[in-house]
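What follows is one structure encoded as structure tokens, with my remarks underneath.
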Amino acid sequence: MKERVSFLAFLKNGVIDNNPTFVQLLGMCPTLATSTSLLNALGMGAAATFVLICSNLVISLLRKIIPQKVRIAAYIVIIAGFVTMIDLLMQAFVPALSNSLGLFIPLIVVNCIILARAESYASKNKPLPSALDGLTMGIGFTLALSCVATVREILGSGTILGFELFGGVAPLTLFALPAGGFLVLGFFIALVQFLKDRKGGEK
Amino acid sequence: MASLSKKPKSDILRLSVTLCLIAGITALLVAAVNAVTAPEIARRGELKTAQSLKAVMPEADSFEDCGYSGGDITSADGKQVPIDGVWLAKSGNETVGCCVKVSPKGYGGAIEIIVGVTGDGKVAATQIVSMSETSGIGTKIQNPEFYGQFVGKSAGIAGIKGGTPLKNEVQTISGATKSSSAFLRGVNAALTVAESINGGEQK
Amino acid sequence: MEISLGAIFVFAINAILVENLCLVRFLGICPFLGVSKKTDTAIGMGLAVTFIMTLSSFITWLVHRFILVPAHLEYLRTIAFILVIAALVQFVETALKKLVPALYSALGIYLPLITTNCAVLGIAITNITENYGLLYSVLNGLFCALGFTLAIWIFSCARERIEHSDIPKAFQGFPIALVTAALLSFAFMGFSGMEF
């Protein structure tokens with residue numbers, strides 16, 4: 001009963017209070033590298049969410065079997081397994097997306113969000129809440145990634161999801177380049193800190 | 001005493017057995033996914049190649065793999081351009097030209113291009129099979145204003161950065177020099193290969 | 001690829017400046033932002049990464065060529081490589097502790113962090129997808145890591161100065177670091193005009 005009630009609480013935790021990207025500052029590499037277009041961001045978010053849910057679920061199921069001493073190695077193997085699966089599935093069924101994400105799909109293995117959730121949540125909690133935690137953290141990651149990607153795609157390429165927006169007006173290419181990635185992410189985190197500060201001040 | 005000295009050993013054994021089991025099961029699961037996806041990936045690849053071949057040589061009704069084994073082509077600026085395949089384009093029994101698949105290295109890795117070359121050594125059309133160039137910048141090589149320039153040009157095309165292109169010159173894309181010159185290298189390499197094939201065919 | 005000093009020099013410039021690991025390719029951003037508050041720690045991390053990345057490029061290439069390819073298990077690449085890297089880091093840590101305690105005390109604390117450094121795995125995979133031979137794989141690992149060291153060192157110098165500046169509250173800490181990184185990345189973009 002309690003678990004059903006708390007889905008919203010989970011969602012709020014994953015998306016707002018403990019957003020993996022904007023608040024916990026984890027998983028910076030994929031956030032920067034795959035946010036040049038919204039489509040890439042959504043693809044990356046979906047892939048990472050899939051891995052998060054599966055690895056959290058399995059690690060939680062095995063939490064009493066995996067020996068404490070080699071737990072990190074075991075987690076990495078499990079995560080790498082799921083990453084390889086999603087990599088192969090994407091190559092087979094969405095080759096264009098798989099191509100544009102390239103190297104960053106196998107690199108989900110070393111995305112700190114996934115290992116962090118495995119270590120700090122899934123290894124201590126029951127399977128169902130762990131899977132839920134994976135799902136909500138994944139949503140939080142995807143939303144953060146999409147925010148950055150929306151700004152970068154509109155400013156950097158003048159398009160959104162590939163549709164032309166400004167009818168031929170030259171876009172600010174800078175935002176599609178690596179430098180723009182750092183800049184946009186920096187301003188987003190500053191905004192989050194500003195909002196958090198103001199909220200704290202009101203109390 | 002005996003049990004004391006034995007304990008760490010059995011501990012290590014237990015650790016490694018658990019870890020190996022996890023790794024083994026993961027590998028098996030991945031193998032299962034691979035068994036499903038591998039044929040699909042191969043099928044999609046072949047389909048994509050077949051479609052691209054048709055797109056660059058619409059007048060041909062069959063394509064015959066030449067089994068090219070001449071290795072990489074070194075471009076004018078000393079870079080290696082890998083040749084992935086060469087096909088003779090046939091309309092009925094008559095050879096109307098050939099298609100060359102090249103993969104020059106762009107900004108985000110190899111750009112796979114199929115170039116259709118007419119019997120007299122001119123570019124008929126080009127088609128990008130896959131690439132992972134920066135969205136909004138390197139992807140400009142997909143614009144007809146860029147790749148359209150190559151149609152009708154013959155071996156030894158030169159790239160210029162500004163001004164009006166002369167007879168066998170094309171304009172590279174400012175801001176995407178690396179991607180557009182990779183494309184240029186690829187087309188030139190394809191023309192070089194086509195020359196040797198077409199030449200051999202006439203004799 | 002040809003093996004000559006000239007070609008290797010061009011390769012080095014390309015890996016260190018033109019395609020800088022952190023600032024252009026977005027690999028290894030976590031340590032780049034995480035351990036760059038002080039110059040000494042930044043250099044320590046850079047050197048530790050250089051050491052591991054060169055070694056892991058060597059070993060993963062061999063594993064791929066002589067184990068995965070003959071057994072037709074290329075699709076297990078990601079799993080195999082991450083295990084090799086984790087084991088290698090563990091082994092180097094133990095070996096350094098016993099054999100070269102001085103080096104261990106300098107680099108030791110950074111070593112465990114390297115397993116989850118995406119640059120190490122990223123370069124190992126790139127070596128395979130780019131079809132590099134053994135020599136170029138090792139060189140790629142070495143030069144890319146040197147590029148990482150250069151970037152993190154410059155970045156840490158800038159951050160030490162920012163520490164004492166008066167910046168808006170919302171930007172303190174992480175955001176200003178990202179903006180600094182953006183400017184640095186902007187500077188490195190200048191190198192991309194170099195065509196060899």
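We did not get these values from a lab; they are worked out from the coordinates using the rules stated. Computed from a predicted model, the values in this text were never measured in an experiment. Here Cβ is always computed from backbone atoms with ideal geometry, including for glycine, and neighbour counts include all displayed protein chains.
Quick look at the values:
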{"item": "Inter-centroid distance (Cα atoms) of segment C:24-63 relative to segment B:24-76, Å", "result": "35"}
{"item": "Cα-centre dipole for segment A:1-123 with unit charges at Cβ (Lys and Arg positive, Asp and Glu negative), debye to 20", "result": "440"}
{"item": "Segment A:64-203: relative contact order in percent, alpha carbon pairs under 8 Å with at least 6 residues between", "result": "13"}
{"item": "Nearest-0.05 FRET efficiency for residue B:167 and residue C:74, computed from C-beta distance (R0 51 Å)", "result": "0.65"}
{"item": "Charge-dipole axis of chain C as Lys and Arg at +1 and Asp and Glu at -1 on Cβ define it, positive-most pick from C:102, C:51, C:5", "result": "C:102"}
{"item": "Segment B:153-203-segment A:54-99 distance, computed between alpha-carbon centres (Å)", "result": "45"}
{"item": "Normalised convex hull volume, segment B:125-203, alpha-carbon set, Å³ per residue", "result": "94"}
{"item": "Estimated FRET transfer efficiency (residue A:65, residue A:9; beta-carbon r; R0 25 Å; 0.05)", "result": "0.30"}
{"item": "Selection from A:141, A:93, A:36 lying farthest towards where the dipole of segment A:2-202 points positive, charges on Cβ", "result": "A:141"}
{"item": "Net length gained if the chain between residue A:96 and residue A:174 were fully extended (0.36 nm per residue, minus Cα distance)", "result": "25.6 nm"}
{"item": "Exposed GluC sites (Glu not before Pro) absent - longest run of chain C, DSSP non-H/G/I/E/B, at most 12 other C-beta within 10 Å", "result": "C:3-162"}
{"item": "For the protein assembly as shown, size of Cβ-based charge dipole, Lys and Arg +1, Asp and Glu -1, in debye", "result": "2400"}
{"item": "DSSP-loop trypsin sites (Lys or Arg not before Pro) across segment A:59-165, with at most 11 other Cβ within 10 angstrom", "result": "A:64, A:124"}
{"item": "Segment B:57-202: relative contact order as a whole-number percent, Cα under 8 Å and 6+ apart", "result": "21"}
{"item": "Average partner coverage of B:40-47, which counts Cβ from other chains inside 10 Å", "result": "3"}
{"item": "Segment B:174-198 residues near the modelled residue C:10 label - backbone nitrogen below 19 Å, point 7 Å along Cα→Cβ", "result": "B:177-190"}
{"item": "Quotient of C-alpha Rg and 2.2 N^0.38 Å, computed over segment A:2-202", "result": "1.08"}
{"item": "Pairwise label distance in nanometres, residue C:165 with residue B:36, each label 7 Å out on the Cα-Cβ vector", "result": "5.2"}
{"item": "Cα point-scatterer Debye curve for the protein assembly as shown, base-10 log of I(q)/I(0) at q = 0.07, 0.11, 0.12 Å⁻¹", "result": "-0.47, -1.13, -1.32"}
{"item": "Per-residue Cβ neighbour rank within 10 angstrom, fewest leading, C:75, C:132", "result": "C:132, C:75"}
{"item": "Square roots of 5 times each gyration tensor eigenvalue, C-alpha, segment B:103-142, largest first, Å", "result": "23, 10, 7"}
{"item": "Value of D in µm² per second that Stokes-Einstein yields for segment B:57-202, Kirkwood Rh from Cα pairs, at 37 °C (0.692 mPa s)", "result": "216"}
{"item": "Fraction of the pair-distance distribution of chain C above 23 Å, Cα-Cα pairs, percent", "result": "47"}
{"item": "Among B:80, B:96, B:16 the positive-end extreme of the charge dipole of segment B:1-119 (Cβ point charges)", "result": "B:16"}
{"item": "Segment B:125-146 and segment A:128-147: distance between their alpha carbon centers, rounded to Å", "result": "33"}
{"item": "Intensity falloff of segment C:17-109 expressed as log10 I(q)/I(0), Debye formula with alpha-carbon point scatterers, at q = 0.14, 0.15, 0.17, 0.23 Å⁻¹", "result": "-0.65, -0.74, -0.89, -1.19"}
{"item": "Charge dipole (debye, nearest 20) of segment B:57-202; +1 at Cβ of Lys and Arg, -1 at Cβ of Asp and Glu", "result": "640"}
{"item": "Residue A:120 paired with residue A:23, simple spin-label distance in nm, labels 7 Å along Cα-to-beta-carbon", "result": "1.0"}
{"item": "Most mobile listed residue (C:58, C:155, C:186) in chain C, GNM with C-alpha springs under 10 Å", "result": "C:186"}
{"item": "Gyration tensor (Cα) of segment C:69-109, equivalent ellipsoid semi-axes in angstrom", "result": "31, 9, 6"}
{"item": "Label point distance in nm, residue A:194-residue B:10, each placed 7 Å from Cα along Cα→Cβ", "result": "6.4"}
{"item": "Average partner coverage of B:111-119, which counts Cβ from other chains inside 10 Å", "result": "0"}
{"item": "GNM result for chain C, Cα springs below 10 Å: residue of C:49, C:120, C:63 fluctuating most strongly", "result": "C:63"}
{"item": "Value in Å of the Kirkwood radius, where segment C:78-176 supplies the Cα pairs that are averaged", "result": "16.1"}
